[in-house]
Every structure is written in structure tokens, then in C-alpha cells.
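Have a look at the structure below, then the notes.
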Amino acid sequence: MRFPTRRGAALWLAALTLATGLPALAQSWPDKPLRIMVGASPGGGTDILARMLAEKFAADFRQSVVVENRPGASNTIAADITAHAAPDGATLLLATNTGQAIAPHLLKLKFDPLKDLQPVGLVAVMPNVLVVSAASPYKSVKELTAAMLDKPGQLKYASSGIGSTQHIAGEAFSLATGTKAIHIPYKGSSQAHIDIIGGEVTMMFDSTSSAMGQIRAGKFRPLAVMSDRRAAELPDVPTLAEAGVKGADVQTWYGLYVTAGTPKPAVDALVAELAKVLKLPDVQTRIKGLGGEVGALGVDQFADMNRQEFERFRKLVRDANIKGEGL
């Protein structure tokens, strides 16, 4: 029998370490607390979903999971932190299409959202909903559109900020109807809601996750959902297409990401955990209660969807001549 040389033994030991290291990582990860970065203020749809996931992840991984809110720059501050974090799977990002598909066409970012963030999975999709104050004279999309045509550039619509899905939805509506309204950006949906209810602003193309509370409280009147089918929580509210407006559907989707370069066993563990959590009855009830649908895409399908949305919003930003000033 030939015994290996010292160099051969070293190579054999290195190969053995590599072969056994990945299963070891899969068994030991996570070996420290996790954090979920959120690019929005506390209390909004993204924050609500992130805290729901953090609670489930902490119980299953037996590690503390902290939600960190870093609002600003069209949701991209949190994404930037995640993109530049150590690729050890300890920093996650709950993002929306605002930061992942819209903001890159409005801002000069120091990271590439398609290359520097590893998709884990789609969490939820929430249709945007066109709302006015319950005291508004407009009771249908037809009435609202007629008023916008009669008073071009005079009615106002609110959003949670320049480059948000609410902003994009408003511009998509204007393009589809040949109307023009004044965009009033706020630092968050809750501030915008105050002025909608008070009549300072005419309308908002809000996400259902944000607007459902005001709708249920009777303070908002929903005129249409901006999706291809009616929302389960709003069965009596027509889609925009049913109301006569086509080509303006905008939805807010929420996805989980981790820093690119994170070892595959850690990514696989996150993918499996997210899939498990999204099947829990209480989680499904919570997402549906926000007017949304539970994510049902695998990691590769979600990555493809992100790329398609990236290109779709690139065109919409260009066609609507949306600029990033003020972000």
C-alpha cells in the first residue's frame, strides 16, 4: 500500500473538508442572530410582513430575528445595506417592486439589484386600489375620469413618495385615460391618508395592504382595484378593466432576498423555511386580510419575475417621463 505524500495528504484533507463542509454549514446555519432589512417606516405593509416572518423564523431557527427599518431613497437604503453585507446569510431584505424594479431607473445606485441580491422567494402580491375619501363626490372611475378631463392638471393624487408603486400607478392611470393630475408625494402612506380623508387631495392609488384599514373603517371609498381580477377582500369593487380603463394595472409585490454570494446551503435553508411559513394558516389569513395573495413562485420563477418587472417598469418610467428629483 502506498501512503500519500505530505503534499498529497494536504490535498486530500482539503478535499475532504470541502466535501463535508457544506452539509456542516447546512446543519449549523444560522449560528448567529438574523436581521431583516425593511426600506419603509414601521406600520406599513412591508413592515407588517417583515415582522410576521421574523416571528416565524425566530421560532424555527432558534435565533433572534430583528427587523430594521431604513426608509428613504425609494426603499433602496435597506437594499444597499443588504447588498453590501457579509454574504453569510445573516442579513435579509424584505423588498417591494419599488426598490427592486422601479427605483433603479430613477436613481444612481451603488449596487445592482439583479446581481447583488439573491432572491429567496415571493412573499405576497397586493393589488393597488384607487381610493377617494368617503365624502368625495366621485362614486365611480367614470365620474372621476370625467372630472379629470374637465379639469386637466387640477385634481391631485397622493403617493408614499416619488418612485413608489402608488406614484407609478397614478402615472399609468393618466397614460391609459389621457388625463393629467398633480402628484403630491408624501413620506409615507399614513401621512397621505390624512389629506385624502380631509379632502386636501382627491385620490390615491394605494396598495391594499396599506389602504384596507381605512376602507374597513369607512373613511376611504374604493373605486377600482388595479389587477386582472377582483380582490377577495373587496369582492364588490370592480377592476380597472371592468371600469373601462385598460393597460394600467399595477400591483405591489413583496419578496425576500439575501446578500448575493451567500452559501447555497444557507440560501436553500431560507427557501425551505419561507415556503413552510407561507403555508401556515395564520400567515395565509394575515396576507389575505391585507387584500393580497400568498406568493406561490419558486426561487427561479421569482427571479425571472423580478427581471421581467425590472424591464416593464423601465419602459413605464420612460414613457411617463418620470424623474427622480426629490428622492
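The values are calculated or read from the model by the stated rules, or taken from the named source; none is laboratory data. Note that the structure is predicted; figures quoted are calculated from it, not measured. Reconstructed Cβ throughout: ideal geometry from the backbone, glycine too, with neighbour counts over all protein chains shown. Accessible surface is based on the protein model in full, side chains and every heavy atom, while ligands, DNA and RNA are left aside. Shrake-Rupley method; radii C 1.70, N 1.55, O 1.52, S 1.80 Å.
Give the average over all directions of the projected area of the C-alpha convex hull of segment 139-229, one decimal, in nm².
Average of the hull's projected areas for segment 139-229 equals 5.7 nm².
Once amide H atoms are placed 1.01 Å from N in the peptide plane, what residues at a sequence separation of 5 or more from G43, or on another chain, have their amide H within under 5 Å of its amide H?
I48
Where q = 0.07, 0.08, 0.13 Å⁻¹, what log10 of I(q)/I(0) comes from the Debye formula for the chain, counting one point per Cα?
-0.31, -0.40, -0.92
Accessible area per residue of segment 245-327 at 1.4 Å probe, in Å²?
For segment 245-327, the solvent-accessible area averages 50 Å² per residue.
How many nm separate the modelled label positions at A275 and D236, each set 7 Å beyond the Cα in the direction of the Cβ?
For A275 paired with D236, the spin-label model returns 4.1 nm.
Against the globular-protein guess of 2.2 N^0.38 Å, express the Cα radius of gyration of segment 70-204 as a ratio, rounded to two decimals.
My calculation over the Cα atoms of segment 70-204 gives 1.23.
How do the peptides 252-265, 311-324 rank, highest first, by the average count of neighbouring beta carbon atoms within 10 Å per residue?
Highest-to-lowest ranking by the protection proxy: 252-265, 311-324.
Which value in deg cm²/dmol, rounded to the nearest 500, describes the helix-derived mean residue ellipticity at 222 nm for the chain, given -39,500 (n - 2.57) per DSSP H run of n ≥ 4 and division by the residue count?
The per-residue figure over the chain is -13000 deg cm²/dmol.
Could you run the Karplus curve 6.51 cos²θ - 1.76 cosθ + 1.60 with θ = phi - 60° over segment 290-297 and give me ³J(HN,Hα) per residue in whole Hz, x for Gly and Pro?
8, x, x, 10, 5, x, 10, 10
Remind me, relative contact order of segment 229-327 in percent, using alpha carbon pairs under 8 angstrom and six or more residues apart?
Result for segment 229-327 is 25 percent.
Short version: ³J(HN,Hα) in whole Hz for each residue of segment 249-256, in order, from phi by Karplus 6.51 cos²θ - 1.76 cosθ + 1.60 (θ = phi - 60°), x for Gly and Pro, what are they?
5, 9, 10, 9, 10, 10, x, 9
Of all DSSP beta bridges in the chain, what percent run antiparallel (nearest 5)?
DSSP beta bridges in the chain are roughly 60 percent antiparallel.
Expressed in nm to one decimal, what extension gain is obtained for the pair L175 and A58 from 0.36 nm per residue of sequence separation less their Cα-Cα distance?
Here the segment from L175 to A58 would lengthen by 37.6 nm.
Checking the a/c ratio against 1.5 first, then a/b against b/c, what shape does the Cα gyration tensor give for segment 167-325?
Here segment 167-325 falls in the prolate category.
Beyond 11 Å, what share of the Cα-Cα pairs of segment 145-187 remains, rounded to the nearest whole percent?
Above the 11 Å cut-off, segment 145-187 has 60 percent of its Cα pairs.
Which entries in the list K151/K219; K56/K264; K187/K315; K32/K279; K156/K187; K180/K246 go over 18 Å, if you measure between the two C-alpha atoms of each?
K151/K219; K56/K264; K187/K315; K32/K279
Around H84, under 10 Å between beta carbons, what's the net of Lys plus Arg minus Asp minus Glu among the other residues?
Charge balance near H84 sits at -1.
Would you mind calculating the gained length between L107 and S28 on full extension (0.36 nm times residue separation, minus the Cα-Cα distance), in nm to one decimal?
Here the segment from L107 to S28 would lengthen by 24.6 nm.
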